[in-house]
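S.K.: This structure is in structure tokens; I'll ask about it shortly.
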Amino acid sequence: MNQDLHKAVFLDKDGTLVDNSQYPYVIPTDKLLAAEVVEGLLYLQQKGYKLFIVSNQSWISKRRLSQQQVEEVFQNLIATLGTHNVIISGYYYCPHRKTDNCDCRKPKTKLIELAAREHFIDLSQSFFIGDMDLDVATGKNSGMKTVLVLTGKGREYNSNLKPDFVIKNINHIKGVM
């Protein structure tokens, strides 16, 4: 690994860090799955990983939420994580619909590449953790190792795209790293 570059963990938000069991009626949420993620996130920080959130938030383009409302959700989530001493180095989200064919919506890699440039991240030493095939595909498309969590949609995962690791929730990351 280049000495000047950092290793990172990119995290999906909905279903991975926060409860999305009320989806699509409650969107997006900032209700942290504290009992399932905090210990693991602290462990990753201790191992020297910078933490980032990458999420698709098409509610903006669908006009169900304003960009300000989505920003508030992310800020609340980051503040809540901060009360547990978890530091999120940055967050990135795509506001577009799937049909917009943008280059920032997962599984495309624009947001990952942007974070890597802005924060000097070595993607070959990094991981993507999420609960859906889009997350696994995003990690693989970016040259990272992938971790599927069995929270959120992860319990229903049925894809030919195989993650590098499957764990119950982020707190079980010690078995991977």
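S.K.: Given Cα pairs under 8 Å that are at least 6 residues apart, what percent is the relative contact order of segment 8-175?
M.R.: Relative contact order here is 26 percent.
S.K.: May I pose another question? Over the chain, what portion of Cα pair distances is larger than 24 Å, expressed as a whole percent?
M.R.: So the pairs more than 24 Å apart make up 30 percent of the total in the chain.
S.K.: When the convex hull of the C-alpha atoms of segment 44-104 is computed, what volume per residue in Å³ does it have?
M.R.: 80 Å³
S.K.: As a quick test, which of the pairs 98/140; 62/168; 106/162; 31/108; 7/168; 47/110 have an alpha carbon distance above 28 angstrom in this structure?
M.R.: Exceeds cut-off: 62/168.
S.K.: Based on Cβ point charges of +1 for Lys and Arg and -1 for Asp and Glu, what charge dipole magnitude is obtained for the chain about its Cα centre, in debye rounded to the nearest 20?
M.R.: Dipole about the Cα centre, nearest 20: 340 debye.
S.K.: While we're on this one: For segment 57-90 and segment 104-177, what is the separation of their Cα centres, given in Å?
M.R.: Using only Cα atoms to place each centre, the spacing works out to 19 Å.
S.K.: Looking at 171, 150, 86, which one has the Cα that reaches farthest to the positive end of the dipole of the chain (charges on Cβ: Lys, Arg +1; Asp, Glu -1)?
M.R.: Result: 150.
Only the coordinates and a few stated rules stand behind these numbers; no lab work does. A quick note: this is a predicted structure, and the numbers were derived from the prediction, not measured. Glycine gets a Cβ as well: all are built from the backbone with ideal geometry, and neighbour counts include every protein chain shown.
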